[in-house]
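Here is the structure we will look at, set down as structure tokens.
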Amino acid sequence: MHLLLYGPGRLGGAIAAAATAQGWTVTTVGRPAADGTRPAAPTADVVVDASLGSAVAGNVAHALAGGNRSFILAATGWEADQPRVRAMLAEHDAVAVVATNLSLGAALFVRLAERAAGWYGRAGAFEPSVVEWHRRGKADRPSGTARAIARRIAAVDPRWAGPDAADDPADTRPRLEVAGIRAGAAPGCHLVTFDGPGESVELRLTARDRTAYADGAVACARWLTAARRPAGLHPFDAVVDDLLDAPLAVPA
């Protein structure tokens, strides 16, 4: 299998190492030249974009022009370009898995936080909050994963206005508290708290390194190449659902 990688940074490097360990050939695409040009993209089985959010739309266009039709979009902060990317994929009958966080553990953590928010919301006296901590150099704040968690909490506990709620004077709900810390070299920590009058419940996800994200990218690549998927954007949850449907492997 051949993987084409945009964004050979920390995340991209981890994905490249994991794919190589699985026997994949990895080709890295560099940044455009000062005049915006770059060599044509080779055709690969799967394209991974682990670059900056501002580069995603251009990278997708570049890869599509090279005949690529299967994508993993792992960058964050490109929500404004999503309609453009969606249109390009539809035009070329191409498919992309979109993930704010490629960690399988994180995907399950988001589901766990959502289920817990429904429970504590019905209990009535618990107030949810989200705190995320990443390395100093991470650009987006709060993180894409923190925003995803907040959206899920607000969806099941409508007492709180979520991160996408419009500034409507008629909406008197308090906004769900989501805080971001940028310090040190931590690859990622997310803390969801349900705070009640006499007790506090915490759910914590801590990434030790980027291998979890790389493993998730390889799982996405396998999902894309296992069967023909409908054109358009697919959430990482679709990959996770397939993994959860598989029988539990019990050592002999």
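The values are calculated or read from the model by the stated rules, or taken from the named source; none is laboratory data. Predicted model only: the values in this text are computed from it and were never measured. Every residue, glycine among them, receives a Cβ derived from its backbone with ideal geometry; neighbour counts consider all protein chains shown. Side chains included, ligands, DNA and RNA excluded: accessible areas come from the protein's heavy atoms. Shrake-Rupley method; radii C 1.70, N 1.55, O 1.52, S 1.80 Å.
Mind listing just one residue for me: the one in the range 1-47 that is within 22 Å of Arg208 (Cα to Cα) and hydrophobic (A, V, I, L, M, F, W, C) and, of those, modelled with the lowest pLDDT?
So, considering only residues that are within 22 Å of Arg208 (Cα to Cα) and hydrophobic (A, V, I, L, M, F, W, C), the one modelled with the lowest pLDDT is Leu11.
Find the residue count for the range 1-14, including only residues that are surrounded by 21 or more Cβ atoms within 10 Å (Cβ to Cβ), farther than 15 Å from Leu52 by Cβ and in contact with a strand residue (DSSP E or B) (Cβ under 6 Å, 6 or more places away or on another chain).
2
Just one of the numbered conditions (1) in a loop (DSSP other than H, G, I, E, B); (2) in contact with a His (Cβ under 8 Å, 6 or more places away or on another chain) is not true of Thr27; which one?
(1)
Which residues, counting only those in the range 116-133, are free of Cβ contacts under 8 Å to residues at least 24 places away in the same chain and assigned to a helix (DSSP H, G or I)?
Result: Trp119, Arg122.
Can you spot a residue in the range 139-149 that is of a type in the set (A, V, I, L, M, F, W, C), open to solvent by 40 Å² or more (accessible area, probe 1.4 Å), in a helix (DSSP H, G or I) and at pLDDT 90 or above?
No; the residues of the range 139-149 include none that is of a type in the set (A, V, I, L, M, F, W, C), open to solvent by 40 Å² or more (accessible area, probe 1.4 Å), in a helix (DSSP H, G or I) and at pLDDT 90 or above.
Looking at the range 30-55, which of the residues that are among the polar types (S, T, N, Q) and part of a loop (DSSP other than H, G, I, E, B) is farthest from Ser70 (Cα to Cα)?
The residue in question is Thr37.
Please state which of the following conditions Pro187 fails to meet, knowing it meets all the rest: (1) open to solvent by 20 Å² or more (accessible area, probe 1.4 Å); (2) farther than 27 Å from Ala139 by Cα.
(2) is the only condition that Pro187 fails.
Given the condition farther than 18 Å from Val98 by Cβ, of a type in the set (S, T, N, Q) and open to solvent by less than 60 Å² (accessible area, probe 1.4 Å), answer yes or no: does some residue in the range 192-215 qualify?
Yes.
Out of Phe109, Phe126, which single residue is over 23 Å from Asp215 (Cβ atoms), aromatic (Phe, Trp, Tyr) and either touching a helix residue (DSSP H, G or I) at 6+ places or on another chain (Cβ under 6 Å) or at pLDDT below 95 (or both)?
Just a single option satisfies the conditions, and that option is Phe126.
Among the residues of the range 219-252, write down those that are in a helix (DSSP H, G or I) and more than 14 Å from the chain's Cα centre (by Cα).
Residues satisfying the conditions are Ala221, Arg222, Trp223, Leu224, Thr225, Ala226, Asp241, Asp242, Leu243, Leu244, Asp245.
So if I check each of Ala75, Ala57, Ala19, Ala80, which one is within 20 Å of the chain's Cα centre (by Cα), closer than 30 Å to Ala186 by Cβ and surrounded by fewer than 14 Cβ atoms within 10 Å (Cβ to Cβ)?
Being within 20 Å of the chain's Cα centre (by Cα), closer than 30 Å to Ala186 by Cβ and surrounded by fewer than 14 Cβ atoms within 10 Å (Cβ to Cβ) holds for just one of Ala75, Ala57, Ala19, Ala80, which is Ala80.
If you take the residues of the range 150-171 that are outside any strand (DSSP E or B), under 12 Å from Pro128 (Cα atoms) and not charged (D, E, K, R), which of them is most open to solvent (accessible area, probe 1.4 Å)?
Restricting to residues being outside any strand (DSSP E or B), under 12 Å from Pro128 (Cα atoms) and not charged (D, E, K, R), the top hit is Pro158.
Among what's in the range 91-134 and is open to solvent by 70 Å² or more (accessible area, probe 1.4 Å) and farther than 30 Å from Ala18 by Cβ, pick the residue that is farthest from the chain's Cα centre (by Cα).
Only one residue tops the list, namely Arg122.
Tell me whether the range 37-52 contains one or more residues that are open to solvent by 10 Å² or more (accessible area, probe 1.4 Å) and free of Cβ contacts under 8 Å to residues at least 24 places away in the same chain.
So far as the range 37-52 goes, yes, one or more of its residues are open to solvent by 10 Å² or more (accessible area, probe 1.4 Å) and free of Cβ contacts under 8 Å to residues at least 24 places away in the same chain.
The conditions are (1) loosely packed, with under 13 Cβ neighbours inside 10 Å; (2) free of Cβ contacts under 8 Å to residues at least 12 places away in the same chain, and Pro174 fails exactly one of them. Which is it?
For Pro174, the exception is condition (2).
Taking the range 199-218 only, how many residues are assigned to a loop (DSSP other than H, G, I, E, B) and more than 19 Å from the chain's Cα centre (by Cα)?
1
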